[in-house]
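One structure is given here, and the rest of the page talks about it.
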Amino acid sequence: MNDVIKEYIEKNVIDSMALLISSSDEAQVDSSAKLVASQFGSGYNVSSEEDAIKLLNSFKKNVTLLIEKTWVDQSDIMLKEEILAKLEKYYASVTENKWSASFKAFIEILNDVIYLMFGSMAKTPDFAGYALRIDPEFGIFWWYVQSLPAENNWSNEKNKTVMLIAMFFLANY
């Protein structure tokens, strides 16, 4: 995917993503996060806890709406209910400032929601290129999600930052 993504975003953003994932230096994480988030539009500034809570609430509301309004086959109705339950549990956890403990659930929620939207195609290796072609903004978001590790041992603050970037995109999509 990194070869295809180069057609849509600049090298410094790709490098910032790599630094965001690998660095433990708070200043590097912060500056990398801001550059990566700039690909999702202007206005990403989560400088206070109040900003983070507003973004979290917007994320929960928008994802709930997306899940509820997405038409699915009969076989996936149960999945919608499971995702909504995961979202509630995730929301409760992060409002208690348990960002690190919630990372894996967050990634699962994102993957499940994308599956609801695009069906089994979302699980194919060609999906990243497809997403970039049909909607470059969404394709960049998918690149971001796919660049994140399934699990990590990051600080609570870094996990929060990484999740807030994804929330920023989904809250404004």
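The values are calculated or read from the model by the stated rules, or taken from the named source; none is laboratory data. The structure displayed is predicted, hence computed values, not measured ones. When we count neighbours, we look across all protein chains shown, and the Cβ atoms used for this are built from the backbone with ideal geometry, even at glycine.
Tabulated data for the structure shown
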{"read-out": "Any helices (runs of 4 or more DSSP H) falling wholly within region 1-78 and containing at least 1 residues that are among the charged types (D, E, K, R), more than 16 Å from the chain's Cα centre (by Cα) and modelled with pLDDT of 85 or more", "value": "11-22, 26-37, 49-69"}
{"read-out": "Residue ID - farthest from PHE103 (Cα to Cα), chosen from residues in region 115-173 that are surrounded by 15 or more Cβ atoms within 10 Å (Cβ to Cβ) and among the charged types (D, E, K, R)", "value": "GLU137"}
{"read-out": "Residues of region 46-82 satisfying the condition of being more than 17 Å from PHE168 (Cβ to Cβ) and in contact with a Phe, Trp or Tyr (Cβ under 9 Å, 6 or more places away or on another chain)", "value": "ASP76, LEU79"}
